[in-house]
């Protein structure tokens, strides 16, 4: 080959590579314009695809495409998706009507009925469990008393001291003939230096990863649910992972994370069981239709409760719409606790609109966040919210990991979801919407106790921030759809 031929070949190779790069950019731009519902998200991906050749379109292919929805549609059409409503009619009982005392939130119930598959069940008992000191002993006791099945789903399942206690309890359950199934998110497991998965190897516990990381296109979609169902009769759900930092007394202020979990009994447990079994079918392809998983559940309390499973495989943004519906329906007071507060423009508008209508809106957020970039983006929203009458307080350490929303001392939203874009649009989340004055009053006392030790943010304090800090926070805010 002559020097001239080599030069021509090199030029042709370069042209082909440039052509492929241009084609990839055009494809990414067209796909984002056609499929991205959020204009800001579409603009960011279009800009990256045009300005950063190859890496921009590649990042969009890996992180920007929601393949879960497409897969869900395919499963529905092919009949492969598990529908336990057909298998167990008792899990789709008609919604209980709201008593007259709750009719002030009737419109919120109408909205929830239209966007959520699950029903509102009467006759439930919910017991709040504060931090790991209360939650873990109750969960371990339930595991030790299990007769036939234990179903556990956790975003993080550490192999630390607390995780080891769960490993031992689950292993002992298998040894006495109980079937144990565990789902751990593949990304959440990366937070653990020692994983419970390794400790459970050879124990007989059937443990599965949710969306393994080698499935690159799904890396940005995570299962953030926390759920334990024992014998289909007793459930635990809320905001706690399985790790020692939720035991705030022993973890110390630098590592501890305060949180709420709930022990749940009553008919709503049937829906929580169904949600786990649908997740299990997703990760394993195993169709579980044993009637023992859905025993008859008799009413045992006063709470009306509805399980709300949300995720990127759904058409509706259920949790986001329900939160906004609660804000628009509230008449007197809304109390919110969340560790990660990154509201989009519609949520900011909903909060301000409620406040301007005379509703007292109070937010308690962590003073020190384990994700500084998230804290910066969050603080970029403070000034506008405070100016329009919303009370924002920062809770001192330990890190406040609690997710809680209270409306008019009647309605409560509890569970795994944060008030951010990731929870509303990318994560698989699990929450409970509860009507019960006793539960709400109990949680309101908990809220007030934290309110008393928290620091109230003011416009003067926000204005006094140095310019570099304001610029830092504003820059972080630009990335809020991806945090």
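The values are calculated or read from the model by the stated rules, or taken from the named source; none is laboratory data. This one's a predicted model, so the numbers in the text were calculated from it and none came from an experiment. In this analysis, Cβ positions are derived from the backbone assuming ideal geometry, glycine residues included, and neighbour counts consider all displayed protein chains.
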Inset, instruction - Answer yes if at least one residue in segment 270-283 is assigned to a loop (DSSP other than H, G, I, E, B), under 20 Å from residue 230 (Cα atoms), touching a residue at least 40 places away in the same chain (Cβ under 8 Å) and out of contact with any helix residue (DSSP H, G or I) (no Cβ under 9 Å at 6 or more places or on another chain), and no otherwise. - result: no
Legend entry - Residues that are closer than 10 Å to residue 390 by Cα and buried (at least 18 other Cβ atoms within 10 Å of the Cβ), drawn from segment 346-377: 351, 352, 354, 355, 359, 361, 362, 363
Inset, instruction - Considering only segment 58-73, state which residues are under 15 Å from residue 34 (Cα atoms) and modelled with pLDDT of 70 or more. - result: 60, 61, 64, 65
Inset, instruction - For residues that are over 21 Å from the mean Cα position of the chain (by Cα) and part of a strand (DSSP E or B), scanning just segment 203-234, find the one that is modelled with the lowest pLDDT. - result: 206
Inset, instruction - Could you tell me whether any residue of segment 116-124 is under 17 Å from residue 197 (Cα atoms), modelled with pLDDT under 95 and assigned to a strand (DSSP E or B)? - result: no
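Being under 30 Å from residue 480 (Cβ atoms) and modelled with pLDDT under 90 is the requirement here; does residue 279 meet it?
Answer is no for this residue.
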Inset, instruction - Kindly list the number of the only condition in (1) in contact (Cβ under 8 Å) with a residue 60 or more places away in the chain; (2) more than 23 Å from residue 172 (Cβ to Cβ) that fails for residue 208. - result: (2)
Inset, instruction - Filter segment 284-327 down to residues that are touching a helix residue (DSSP H, G or I) at 6+ places or on another chain (Cβ under 8 Å) and within 18 Å of residue 230 (Cα to Cα) and give me whichever is surrounded by the fewest Cβ atoms within 10 Å (Cβ to Cβ). - result: 296
Legend entry - Matching residues in segment 163-175 - criterion: being at pLDDT below 95 and touching a strand residue (DSSP E or B) at 6+ places or on another chain (Cβ under 8 Å): 163
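Look at residue 135 and say whether it is in a helix (DSSP H, G or I), touching a residue at least 40 places away in the same chain (Cβ under 8 Å) and under 15 Å from residue 234 (Cβ atoms). Walk me through how you get there before you give the answer.
Working: in a helix (DSSP H, G or I): yes; touching a residue at least 40 places away in the same chain (Cβ under 8 Å): yes; under 15 Å from residue 234 (Cβ atoms): yes.
For residue 135, the condition - in a helix (DSSP H, G or I), touching a residue at least 40 places away in the same chain (Cβ under 8 Å) and under 15 Å from residue 234 (Cβ atoms) - is met.
Residue check: is residue 120 in contact (Cβ under 8 Å) with a residue 12 or more places away in the chain and more than 30 Å from residue 201 (Cβ to Cβ)?
Answer is yes for this residue.
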Inset, instruction - Determine whether segment 177-190 contains at least one residue that is in a helix (DSSP H, G or I) and either free of Cβ contacts under 8 Å to residues at least 12 places away in the same chain or surrounded by fewer than 16 Cβ atoms within 10 Å (Cβ to Cβ) (or both). - result: yes
